[in-house]
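The values are calculated or read from the model by the stated rules, or taken from the named source; none is laboratory data. Everything quoted here is computed from the prediction, not taken from an experiment. Every residue, glycine as well, gets a Cβ built from its backbone with ideal geometry; the counts of neighbours run over all protein chains shown.
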Amino acid sequence: MPGSRSRPEGRVARHVREAPRSGIRAFFDLVSATPDVISLGIGEPDFDTPWSIREAAVYALEHGATHYSANAGLPKLRRAIAGYVGRTFGVAYDPESEILVTAGVSQGLDLAVRALLDPGDEALYPEPSYVAYGPLVAFAHGRPVAVPARAEAGFRIEPEALAARTNARTRLLLLNYPNNPTGAALPRPAAEALAAFACARDLTVVSDEIYAELTYDGEPHTCLAALPGMRERTVLLHGFSKSWAMTGFRIGYACGPAPMIAAMTKIHQYSMLCAATPVQEAAAAALAGPGAEVAAMREAYEARRNYARSALADLGLPCSRPGGAFYLFPKIEGLGLTASAFAVGLLEEERVAVIPGDAFGAAGAGHVRCSFATGLDELKEAMARIARFVGRRRAAGS
Ligand code: PLP
């Protein structure tokens, strides 16, 4: 439009200008202005990174790991990733050509959609979803297509729902199990149904399995790339932020067929060069070392999940049983409040932060996300405060 560059905003690319700001960040502006809040809002471990990992980063810095690494990442880290993924998920990748070390799963997602979508291609993803998927697809000039996952189906996306939104332009299916924000995990039969759908429609799959180690009730994680027909069409994304409590390190990786990883590496070499070298050393130590500490964190999350889910159910806020990750996604609409009104009211009256479910897309309306990456004592105090808030709302409504 003529004259639109007369203001600085007019100089920003339209598809970036028009992308929504993260609903989580918007709510957190409000949280940070409120004193003494118990936060069930953030999606990161309350645990500190195990010492052996931190020491490896310090040691690496002291011993001169201050240079670029190979674009794809340190060979020894790629070998360690190949070993770990092969042992844990049962899929073999060649460390030379099929693994790329990234600055977190966030960068892996960005590279994958940019490498795999042509302009105008459609990418399906289940909603409620992690906030980055839609905007990243739009930044890659693709068309994000959210597919609602039903609460009654445990927030697992159903092939019929995907089929209803698949057409000749559909190229990509973005999946995330165990899921943020619902905690839904994918038992093997459900994973097989999704794999069969992807194969039948010849879709490329980007599978964000960042919570793979955090599964509960003794149910093992099913890696989508390990299922028949999937390895050749899937980019597996994983990282260290959650299970190893390494959010601030910014490190993750992508595994997939060589041409897909080569395409992602091409973008990575121009836009990032390589992941931070001392951090790659820390990631290698994470894969070599602290299995017992990682297992202890997982056990703590499971105990908290059991406590918080039954506490919410006792308050009449039902939620499907999260099979993984560290989130509960209770339904609050029975109180006659929108998710935002619930979250703002709870913050203002009881100083507990939860995230309105519609920050994760329209399909999250009527729910809120409560993270249990919070110590058990704080979680108990938060539940007592939520009980007071809910009690007052019920009394006002009766
Ligand atoms: N994917 C999902 C589903 C997440 O929940 C998150 C963080 O909350 C990320 C990716 C980002 O991970 P990273 O810290 O590895 O960039």
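Across the range 139-159, the number of residues qualifying as over 14 Å from residue 179 (Cα atoms) and either of a type in the set (A, V, I, L, M) or modelled with pLDDT of 95 or more (or both) comes to 9. Only one entry of 136, 109, 174 meets the criterion of being assigned by TED's automatic domain parsing to the domain that holds residue 254, within 27 Å of residue 243 (Cα to Cα), free of Cβ contacts under 8 Å to residues at least 40 places away in the same chain and under 15 Å from the mean Cα position of the chain (by Cα), and that entry is 136. For the range 351-386, a tally of residues being free of Cβ contacts under 8 Å to residues at least 60 places away in the same chain and either buried (at least 19 other Cβ atoms within 10 Å of the Cβ) or at positive phi (or both) returns 2. Of the candidates 389, 342, the single residue that is among the aromatic types (Phe, Trp, Tyr), out of contact with any His (no Cβ under 6 Å at 6 or more places or on another chain), free of Cβ contacts under 8 Å to residues at least 40 places away in the same chain and more than 28 Å from residue 219 (Cα to Cα) is 342.
Apart from one condition, residue 100 fits all of (1) within 28 Å of residue 274 (Cβ to Cβ); (2) surrounded by fewer than 23 Cβ atoms within 10 Å (Cβ to Cβ); (3) touching a Ser or Thr at 6+ places or on another chain (Cβ under 6 Å); the exception is (2).
Is one or more of the residues making up the range 39-47 surrounded by fewer than 10 Cβ atoms within 10 Å (Cβ to Cβ) and assigned by TED's automatic domain parsing to the domain that holds residue 361? Checking the range 39-47: not a single residue is surrounded by fewer than 10 Cβ atoms within 10 Å (Cβ to Cβ) and assigned by TED's automatic domain parsing to the domain that holds residue 361. What about residue 309, is it over 24 Å from the mean Cα position of the chain (by Cα), among the basic types (Lys, Arg) and more than 16 Å from the ligand (Cβ to nearest atom)? When the stated conditions are applied, residue 309 does not pass them. Checking each residue in the range 174-204 for being touching a helix residue (DSSP H, G or I) at 6+ places or on another chain (Cβ under 6 Å) and within 15 Å of the ligand (Cβ to nearest atom) picks out 174, 181. Exactly one residue among 337, 317 is closer than 24 Å to residue 185 by Cα and not acidic (Asp, Glu), and that residue is 317. Scan the range 170-177 and give yes if some residue there is at pLDDT 95 or above and closer than 18 Å to residue 219 by Cα, otherwise no. Scanning the range 170-177, I find at least one residue that is at pLDDT 95 or above and closer than 18 Å to residue 219 by Cα, so the answer is yes. Considering only residues in the range 177-199 that are part of a loop (DSSP other than H, G, I, E, B) and over 19 Å from residue 144 (Cα atoms), the one that is nearest to the chain's Cα centre (by Cα) turns out to be 178.
Within the range 239-264, residues that are more than 12 Å from residue 107 (Cβ to Cβ) sit with their Cβ atoms under 6 Å from residues that are within 10 Å of the ligand (Cβ to nearest atom) and not hydrophobic (A, V, I, L, M, F, W, C), at 6+ positions apart or across chains, in these pairs: 242/211; 247/44; 247/241.
Tallying residues that are in a loop (DSSP other than H, G, I, E, B) and near the ligand (Cβ under 10 Å from one of its atoms) within the range 222-266 yields 6.
The residue list 120, 64, 90, 104 contains one member that is without any contact (Cβ under 8 Å) to a residue 12 or more places away in the chain and at positive phi, which is 64. The single residue among 219, 213 that is in a loop (DSSP other than H, G, I, E, B), more than 16 Å from the ligand (Cβ to nearest atom) and charged (D, E, K, R) turns out to be 219.
Applying the criterion of at least 1 residues that are within 15 Å of the ligand (Cβ to nearest atom) and of a type in the set (D, E, K, R) to the helices (runs of 4 or more DSSP H) found wholly in the range 72-146 leaves 104-116.
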